[in-house]
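Beneath this line is the structure, given in structure tokens, with notes to follow.
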Amino acid sequence: MTVKEFIGTLESSDRLRIIEGKAEVYVGYLAAFRPFADHEISEEYRKYSEHEVKKFRAVPEITHRRWKELGLMKPLEPDQTAQYKFSDLQMSLYYTIYIQERKGQEV
């Protein structure tokens with residue numbers, strides 16, 4: 001199954017994380033990755049949509065809104081960390097797919 005085929009099963013508001021080899025090549029909302037209606041096709045979509053999916057995991061991330069101040073681990077998307085309290089924590093679920101590395105392609 002290709003990345004293009006796999007993401008066809010997700011919703012635009014879902015968070016997506018794509019890993020090629022050991023490198024994160026995309027982290028963000030599916031709507032910013034996959035082209036919708038009048039949106040422009042992203043460079044990441046052009047580059048990775050035909051890659052084969054090797055593995056899939058639903059990976060939750062629990063972050064603290066004051067992560068930097070407290071010296072905690074950096075969230076996957078620091079600018080998306082909530083400004084409200086949920087006992088000072090926020091949980092995000094990333095649909096993480098691991099793709100086949102292509103020989104001769106920079107990561």
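The values are calculated or read from the model by the stated rules, or taken from the named source; none is laboratory data. From a predicted model like this one, the values you see are computed outputs, not experimental measurements. Note: ideal-geometry Cβ built from the backbone for every residue, glycine included; neighbour counts use all protein chains shown. For accessibility, only protein heavy atoms count, side chains too; no ligands or nucleic acids. Shrake-Rupley method; radii C 1.70, N 1.55, O 1.52, S 1.80 Å.
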Heavy atoms of the protein only, probe of 1.4 Å, neighbouring chains included. What is the accessible area of Thr9 in Å², nearest 10? 100 Å²
Other residues with Cβ under 10 Å from the Cβ of Arg15 give, with Lys and Arg +1 and Asp and Glu -1, a net charge of -2
Over the range 1-72, with neighbouring protein chains present, the accessible area per residue in Å² at probe 1.4 Å is 63 Å²
Just add up the charged neighbours of Pro78: K/R +1, D/E -1, any other residue whose Cβ is under 11 Å from the Cβ of Pro78. +1
